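What follows is a short report on a single structure.
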Amino acid sequence: MTQEQLLKDTIDYYSANPAKRRCISNRSSTCYYSPEKAKKPLSEGCAIGRHLAPKTKIAFDALASSMFAISAISAIMEVGANKAMMPDWMQKMNPEFLRRVQGLHDWSEYWDVQGLTRDGKERVNDIINYFRLSMDRYTK
């Protein structure tokens, strides 16, 4: 998967039903890699978690519990054994890109019942511009 594909996949997946699909605990507004931990049965996980094996999601939730959620992915990727638990294509990605895609998922001001908010669309365009992705500005 390319960076462009991951960003588009993230937007498309969560836009379909942000309230049910975003892997955020309703009680604590905490993001989880695993939908089991967030008690979100209709979710596949967070932006990064959706692409991890179930056991890896649980392991990363345990690692991230002591960190600020969106910086957790950077910290996880710094440890070889953790990084090795990720798909090969994800291991090759810039950790900052993954952190920003995860942040797009995490922040509630980027989503409403319709999908991405105006702030969310601006965030997507910031990601596209910062990483010079081969995709058009997001306008939907």
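Read-outs throughout are calculated quantities, based only on the coordinates presented, and are distinct from any laboratory measurement. Please read all numbers here as calculations on a predicted model, not as lab measurements. Here the Cβ positions follow ideal geometry from the backbone for every residue, glycine too, while neighbour counts run over all protein chains shown.
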For this session: Assign unit charges at the C-beta atoms only (+1 for Lys and Arg, -1 for Asp and Glu), then state the dipole size of segment 29-140 relative to its Cα centre in Debye, rounded to the nearest 20.
Result: 180
Seminar exercise, completed: The alpha-carbon pair-distance distribution computed for segment 3-130, with 10 angstrom bins and whole-percent values, is 14, 49, 33, 4
Exercise. Given H placed 1.01 Å from N in the peptide plane, which residues other than close sequence neighbours of ASP112 have an amide H under 5 Å from its amide H?
Worked result: THR117
For this session: Give the cysteines in the chain for which no other Cys Cβ lies under 4.7 Å away, or write none if there are none.
Result: CYS31
